[in-house]
Amino acid sequence: MKNFINQNKVISLILLMGVIAVLVRLVGGLGAVSALSDAQPWGLTKSLNILSGAALSAGGSLVATLVYVFGIKKFKPLVRPSLLMGAIAHTFVLGALLYDVGSPLEVWRIIFAPNIKSIMFLAFLCEAFYTTAVLCEFVPEFVTAPQFKGIADLMHSFKGPVIVCTAIFAVIHQSTLGALYVVSVSRIDPLWYSRIMPILFLVSAWAAGLAMLVVEAYLSDKSGRRKFDVGVMGAVGNTLAIFLFIYVGIRFADLAIEGGFGGVGGKGVASVWFIVEMLCFVLPAVMLLGSKSPKLLYIASLLVGLGVVMNRLGVAIVGWHNPAGITYFPSAVEFFVSFCFLLAPIVIYSYMSGIVIKDEKVTA
């Protein structure tokens, strides 16, 4: 760890400043570090680090389900990186939720006085199952002493049911995030509002999760940690294209039925934002079909990630209508803390992946 910090001094300094900003928030409240108010209680952290973060980390449960539940063995090499990525990312999604909601010092209530109707409790359950799935996948490999073989075998036997539960809670989690906004029919622009937002959030999250796996594989190859498996990633790209076509088809059909297309022109920033967002879904869907070019897969996957982030920001900020006289623009500290919440899991994953993830060759 010391060597890793020494090799990444600038990043380490940025993250240290992020920790200081979080401590300021704990002492002074959200008003000390953000432009939020009673009139605008949800802002950049909620939309970027919670809504977007949860979507970008959805690949872990999806890949594990495809392998262990549906028996698609060609994706087996992706289980470990996807589970590790998902566990780390979900931890920071939960951290962002604690940072942005109420008093983080009351976190003990999640365990000892749970509110089963709360989105925070659902996020906690999702993270708990993710962590358990990761432990069942990784720990047995390092428990080599004969006296602990029974424990290792027991953890392996739990892996299937745990992953199924993880997938179920992940589906509920993504859908619930979309359902939070269904009640805001008068506050969200028709370009983003939909009565089927839970379905749209879920499908786009699956697409984002697969896209991040391609991005991770490409960057790992460039950094020399793990070779880019063209066959496996080509299959991921084809699966991702299917999800994108499904999402775009549902989204366009919903907009046509609800009359949302009538507002595409003449809304300034919102119109441009919507057009760019949709291009980030449509173009990759076409680019990914049958493609096995690592660079093309990487670029298309980056566009998908950008499209999902733009969608969540469109719902929560760009397309969100406040009452007259109320405006919101994130403070500099909000931008910085949100950036740190994205940077930290990337740094931790880069460090951890070099320790616990090895190349796996699996035949279908």
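The values are calculated or read from the model by the stated rules, or taken from the named source; none is laboratory data. From a predicted model like this one, the values you see are computed outputs, not experimental measurements. Here the Cβ positions follow ideal geometry from the backbone for every residue, glycine too, while neighbour counts run over all protein chains shown. The protein model used for the area step is the full one, side chains on, heavy atoms only, and it has no ligands, DNA or RNA in it. Shrake-Rupley method; radii C 1.70, N 1.55, O 1.52, S 1.80 Å.
Kindly provide the set of residues from region 164-181 that are open to solvent by less than 40 Å² (accessible area, probe 1.4 Å) and either β-branched (Val, Ile, Thr) or in a loop (DSSP other than H, G, I, E, B) (or both), ordered by number. Thr166, the sole residue that qualifies.
Inspect all residues belonging to region 58-68 and state whether any of them is touching a Lys or Arg at 6+ places or on another chain (Cβ under 8 Å), over 26 Å from Tyr181 (Cα atoms) and not in a loop (DSSP other than H, G, I, E, B). Within region 58-68, one or more residues are touching a Lys or Arg at 6+ places or on another chain (Cβ under 8 Å), over 26 Å from Tyr181 (Cα atoms) and not in a loop (DSSP other than H, G, I, E, B). The condition of being outside any loop (DSSP other than H, G, I, E, B) and either at pLDDT below 90 or open to solvent by 40 Å² or more (accessible area, probe 1.4 Å) (or both) does not hold for Gly237. Each residue in region 181-194 was checked for being of a type outside the set (Ser, Thr, Tyr) and touching a residue at least 40 places away in the same chain (Cβ under 8 Å), and 6 pass. Residues of region 190-220 that are surrounded by fewer than 24 Cβ atoms within 10 Å (Cβ to Cβ), farther than 21 Å from Gly60 by Cβ and not aliphatic (A, V, I, L, M): Pro190, Tyr193, Arg195. Answer yes or no as to whether Val139 is closer than 16 Å to Leu84 by Cα, open to solvent by 30 Å² or more (accessible area, probe 1.4 Å) and more than 22 Å from the chain's Cα centre (by Cα). Yes, satisfied.
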